[in-house]
Amino acid sequence: MTPAINALEKAGIKFTVHAYAHDASHQSYGLEAAQKLAIDPGRVFKTLLTQDSANKPYVALVPVNTTLNLKKFAAALGIKKMDMASQALAQRATGYILGGISPVGQKKRNPTVIDNSALQYKTIFVSAGRRGLEIEISPTDLQHLINAAVCAITAD
């Protein structure tokens, strides 16, 4: 079990775990999950960590086949400027390793925004907290559990 799975079970939220054999040579963890699980990449969301000028972490969830627009993301949070967080900060702030960062069960609840494209699906996929393990969950259940905002935050 991972902290994400434990948190979902404790909250009583319906979800499904999907496992696949992770290939360390794959360049994109999220696209690998979509390919190995034969899922539309638009339904698989990557968990990205950013930071403001004071190095405070923030979480963005965007489809694996898109790019985060840092200006839209910062605006959604009412922050002037945002940068991608370092790998070290991302791992320290979440308690997960890169490629296995889940939006659920992080060490500390960081402000989170989910791209609004998630709402077009009955379920989406996010990391379960380990490479090769995904959680399928209702986007609204996820939003409520992690107290996330929903906005358009991807590049056009």
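Quick notes on this structure:
- Lone qualifier among L142, L68, L119, L89 - being in contact with a strand residue (DSSP E or B) (Cβ under 9 Å, 6 or more places away or on another chain), at pLDDT below 95 and not small (G, A, S): L89
Here's the yes/no breakdown for (1) among the β-branched types (V, I, T); (2) surrounded by fewer than 19 Cβ atoms within 10 Å (Cβ to Cβ); (3) within 20 Å of Q143 (Cβ to Cβ); (4) within 13 Å of the chain's Cα centre (by Cα):
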| position | (1), (2), (3), (4) |
| --- | --- |
| V44 | yes, no, yes, yes |
| K56 | no, yes, no, no |
| V59 | yes, no, yes, yes |
| A90 | no, no, no, yes |
| G100 | no, no, no, yes |
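- Only one of the numbered conditions (1) over 17 Å from S127 (Cβ atoms); (2) of a type outside the set (D, E, K, R); (3) exposed (fewer than 14 other Cβ atoms within 10 Å of the Cβ) is not met by N69, and that is (3).
The rows are residues; the columns are (1) among the aromatic types (F, W, Y); (2) touching a residue at least 40 places away in the same chain (Cβ under 8 Å); (3) in a loop (DSSP other than H, G, I, E, B); (4) more than 18 Å from A148 (Cβ to Cβ).
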| position | (1), (2), (3), (4) |
| --- | --- |
| I13 | no, yes, yes, no |
| H18 | no, yes, no, yes |
| D23 | no, no, yes, yes |
| Q27 | no, no, yes, yes |
| Q35 | no, no, no, yes |
| N65 | no, no, yes, yes |
| K72 | no, yes, no, no |
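- Test for A128: is it under 21 Å from I5 (Cα atoms), touching a residue at least 24 places away in the same chain (Cβ under 8 Å) and small (G, A, S): yes
- S102 vs. criteria assigned to a helix (DSSP H, G or I) and either in contact (Cβ under 8 Å) with a residue 24 or more places away in the chain or on the phi > 0 side of the Ramachandran plot (or both): no
The values are calculated or read from the model by the stated rules, or taken from the named source; none is laboratory data. Everything numeric here is computed off the predicted structure, so don't read it as measured data. Please note: Cβ atoms are built from the backbone with ideal geometry, for glycine as well, and neighbour counts cover all protein chains shown.
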